[in-house]
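Below is one structure; the comments refer to it alone.
The values are calculated or read from the model by the stated rules, or taken from the named source; none is laboratory data. What you see is a predicted model, and the numbers here were worked out from it, not measured in a lab. For neighbour counting, all protein chains shown are included, and Cβ atoms are generated from backbone atoms with ideal geometry for every residue, glycine included.
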Amino acid sequence: MTLVSQVALYDGRDAESLRVRLGMPRVALYCSVSSTMDVGHVLASGGAEAGTLVLADRQTAGRGRGGRRWSSASGAGVWFTLIERLEDRAALRVLSLRVGLCLARVLDRYATAPVRLKWPNDLYVGAGKLAGVLAEVRWTAGRPEWVAIGVGINVRLPAEIDGAAALCDPDRVRLLEAVLPAVREAAQSTGILTESELSAFAERDLARGRVALTPAAGRVAGIDAEGHILIAGPTGIDRFGSGSLVLEPLPHDPRT
């Protein structure tokens, strides 16, 4: 892929000053890219070290889980991908959930209400989607070679999308200072989700107790330590490790 020329400044700071301020080994800074995830994979395939941060002011084809589009206008949010090199397969399976948990704790201080989580990778404030997480692993000879952790956070409401939320503090560099240590903490954690992590997720779980339409019809009963969503149906509780969670609309909320 062809990368767009690097931007001189990001909210008044160049790549090197950001690298120093954020304490990162490398910051690849762009004015506009198709997707920071795409750039991250290119850099990682060329040997980029763990902790490499790909940061863009704008994405023209930002994407979320399942190829869904993520609105990424210039100055409207924080759009980045972090490259890590991890080998713990159990931890990789729950990485998106773990990143979401760590992000929620940080974003609480910038949001108008407590941040809630929707399996497997969305963060909400009220009924509006605030942020999303996407983790993609690349494998070589059956072993994980790197993981690209993509994060998108709205700092301004996207005009063209209904059902979104944004933070009340638009300072993107200050937000990065707070968010990046949380993402790296999540990436360095090992094993499946702990009891304390499951408890923390349950406290923020937007879907628990609500009726699900997919990945199966039934009532959401939380998640398990391996990151599966639990759906209680007529024959018992089923576990699902992939797919999208679509909920039956609440009486006051026409959206799914």
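Below are the figures for this structure:
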read-out: Subset of segment 78-117 (residues that are touching a strand residue (DSSP E or B) at 6+ places or on another chain (Cβ under 9 Å) and of a type in the set (Asp, Glu)); value: Glu84, Glu87, Asp88
read-out: Test for Leu117: is it surrounded by 23 or more Cβ atoms within 10 Å (Cβ to Cβ), touching a Lys or Arg at 6+ places or on another chain (Cβ under 7 Å) and closer than 27 Å to Ile192 by Cα; value: yes
read-out: Scope segment 87-112; condition part of a loop (DSSP other than H, G, I, E, B), modelled with pLDDT of 95 or more and surrounded by fewer than 20 Cβ atoms within 10 Å (Cβ to Cβ); matching residues; value: Asp88
read-out: Selection within segment 168-197 - part of a loop (DSSP other than H, G, I, E, B), at pLDDT 95 or above and on the phi < 0 side of the Ramachandran plot; value: Ser189, Thr190, Ile192, Leu193, Thr194
read-out: Number of the condition not met by Ala200 [criteria: (1) closer than 27 Å to Val78 by Cα; (2) part of a loop (DSSP other than H, G, I, E, B); (3) touching a residue at least 24 places away in the same chain (Cβ under 8 Å); (4) small (Gly, Ala, Ser)]; value: (2)
read-out: Selected residue (criterion: nearest to Thr81 (Cα to Cα)) from residues of segment 9-35 that are over 20 Å from the mean Cα position of the chain (by Cα) and in a loop (DSSP other than H, G, I, E, B); value: Pro25
